[in-house]
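Here's a structure for you.
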Ligand SMILES: Nc1ncnc2c1ncn2[C@@H]1O[C@H](COP(=O)(O)OP(=O)(O)O)[C@@H](O)[C@H]1O
Ligand SMILES: [Mg+2]
């Protein structure tokens, strides 16, 4: 809470500064709306010629007179020659969408960061905070009871035998042959918003189970004890499916749909969440303070918040994840040739981040991707996470050092228990104090993976032994 209070102060003071600037200029220039608007504009837009500015001022002034409900559906887009065009957000055509995307993100990751910062500044200026989620889990224990060996096979005889045995063991006549398996053993922790968390652990350590549990999507046959809360609310007090998104390690898509169709469908299913209400409030406050936003950002945010305008967010996500080159290709499967494996993996991520969820749990999104693509994806998620304050946990197998450096916190799992949870900077210190030193020229992520696996420890020891005996 203290932190939030501190971050608000500069935005409040900048609001005051802007409004006093507006008042001052209005007094000097004996207050026609045109003069007043152009004084605000001069602080926001610096490089466009005078004639276009006047035209833009007029268009803005006309927009500002509309009631909020109508204003949310209209925006201004710069045409090819820089001329301002008034556009209806609900009827954005393909050409207009492409123009908007080109203006927002020209080529690189830096553009995306700048764009996100502008969006955040716009919200900060009028004192609107993005909602954040803090996820806590305490004494989380997850057990499974499963048949092992031949009895686990789904044959007809086994089915009847298992049902009969379940019934008899309920009556305490025969003992159950189910073998209890502990998947997560009494784990506790906090996942902070605005920090990117990396979940590391060898295969079988319980990463998928922990992510599913945090996203509220565990299978019902598992025995769960302990407590998971989002901002202090238990899972049964709200709808976790609308708040969090779990990104699976498997790619399951409809083969006959194109990439763009898949994304649009996903965006339509997930809706716009609270974005619409937030935008209405934002427009109201901006009107009161007589502030004028960047036209492209304004148009983008309007398109993001309106139902039925999923095309714009789809275009944005396609561009961010580098899927725009295969946007109209079929997804495909074993029988139907479609996009490549790496593109499928990116599509799985895109499908979930296109929605309004503020808590993302991503499971091995990098399997089958090259390290530079993984870096790009994680880095765009990191930017959104840091700037807009989302809650994100990403499980990765063998992240490259530059990808590893993007994370703020590490959770290290081993055999269902947490070995380390905390800031990335302190992880080596911690293991050194335990007597495990990371060898030079070894990636930290690889070292962490090895130090928690018994087999690897034995291998390293025998290797050191061999080296020493030379
Ligand atoms: N529903 C289940 N029934 C039985 N065993 C399970 C179930 N879910 C997970 N497990 C077991 O729990 C362990 C951890 O699984 P998982 O969470 O998928 O690990 P990871 O994602 O780290 O590879 C594995 O040994 C797996 O076999
Ligand atoms: Mg897994």
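Just one of (1) within 16 Å of ligand 1 (Cβ to nearest atom); (2) crowded, with 16+ Cβ neighbours inside 10 Å trips up residue 285, so point out which.
Only one criterion is unmet by residue 285, namely (1).
To continue, here is another question. Just a yes or no: is a residue in the stretch 169-176 within 16 Å of ligand 1 (Cβ to nearest atom), modelled with pLDDT of 90 or more and either in contact with a strand residue (DSSP E or B) (Cβ under 8 Å, 6 or more places away or on another chain) or closer than 26 Å to residue 240 by Cβ (or both)?
Within the stretch 169-176, not a single residue is within 16 Å of ligand 1 (Cβ to nearest atom), modelled with pLDDT of 90 or more and either in contact with a strand residue (DSSP E or B) (Cβ under 8 Å, 6 or more places away or on another chain) or closer than 26 Å to residue 240 by Cβ (or both).
Residues being surrounded by 14 or more Cβ atoms within 10 Å (Cβ to Cβ), within 13 Å of ligand 2 (Cβ to nearest atom) and not in a strand (DSSP E or B): count how many of those fall in the stretch 172-212.
10
Let me ask something else. What's the number of the condition residue 365 fails, among (1) away from ligand 1 (no atom under 16 Å from the Cβ); (2) in contact with a helix residue (DSSP H, G or I) (Cβ under 8 Å, 6 or more places away or on another chain)?
(1)
Still on this model: Give the number of residues within the stretch 198-233 that are under 16 Å from residue 412 (Cα atoms), near ligand 1 (Cβ under 6 Å from one of its atoms) and in contact with a strand residue (DSSP E or B) (Cβ under 9 Å, 6 or more places away or on another chain).
6
Out of 276, 246, 316, report the one residue that is within 16 Å of ligand 1 (Cβ to nearest atom) and either surrounded by 18 or more Cβ atoms within 10 Å (Cβ to Cβ) or assigned to a helix (DSSP H, G or I) (or both).
None of the other options fit; the residue is 246.
Moving on. Considering each residue of the stretch 319-336, count those that are more than 30 Å from residue 375 (Cα to Cα) and part of a helix (DSSP H, G or I), and give that number.
So the answer is 0.
Tally the residues that are surrounded by fewer than 15 Cβ atoms within 10 Å (Cβ to Cβ) and assigned to a strand (DSSP E or B), restricting the search to the stretch 99-142.
2
Now for a different question. So the check is Cβ under 8 Å with 6+ separation or different chains; which pairs have a first residue in the stretch 201-223 that's closer than 18 Å to residue 421 by Cα and in contact (Cβ under 8 Å) with a residue 24 or more places away in the chain and a second one that's away from ligand 2 (no atom under 13 Å from the Cβ) and assigned to a helix (DSSP H, G or I)?
201/449; 202/449
Would you be able to tell me the number of residues in the stretch 396-430 that are touching a strand residue (DSSP E or B) at 6+ places or on another chain (Cβ under 8 Å), without any contact (Cβ under 8 Å) to a residue 40 or more places away in the chain and farther than 22 Å from residue 184 by Cβ?
Residues in the stretch 396-430 being touching a strand residue (DSSP E or B) at 6+ places or on another chain (Cβ under 8 Å), without any contact (Cβ under 8 Å) to a residue 40 or more places away in the chain and farther than 22 Å from residue 184 by Cβ: 1 in total.
Taking the condition within 28 Å of residue 319 (Cβ to Cβ), within 16 Å of ligand 1 (Cβ to nearest atom) and touching a helix residue (DSSP H, G or I) at 6+ places or on another chain (Cβ under 8 Å), does residue 387 pass?
In short, no.
From the list 394, 410, which one is under 16 Å from the mean Cα position of the chain (by Cα), at pLDDT 85 or above, within 16 Å of ligand 1 (Cβ to nearest atom) and not in a loop (DSSP other than H, G, I, E, B)?
Sole residue among the options that is under 16 Å from the mean Cα position of the chain (by Cα), at pLDDT 85 or above, within 16 Å of ligand 1 (Cβ to nearest atom) and not in a loop (DSSP other than H, G, I, E, B): 394.
Could you tell me which of the residues 382, 449 is within 16 Å of ligand 2 (Cβ to nearest atom) and either at positive phi or touching a residue at least 12 places away in the same chain (Cβ under 8 Å) (or both)?
Selected residue: 449, the only one of 382, 449 that is within 16 Å of ligand 2 (Cβ to nearest atom) and either at positive phi or touching a residue at least 12 places away in the same chain (Cβ under 8 Å) (or both).
The values are calculated or read from the model by the stated rules, or taken from the named source; none is laboratory data. This is a predicted model, so every value here is computed, not measured. Here Cβ is always computed from backbone atoms with ideal geometry, including for glycine, and neighbour counts include all displayed protein chains.
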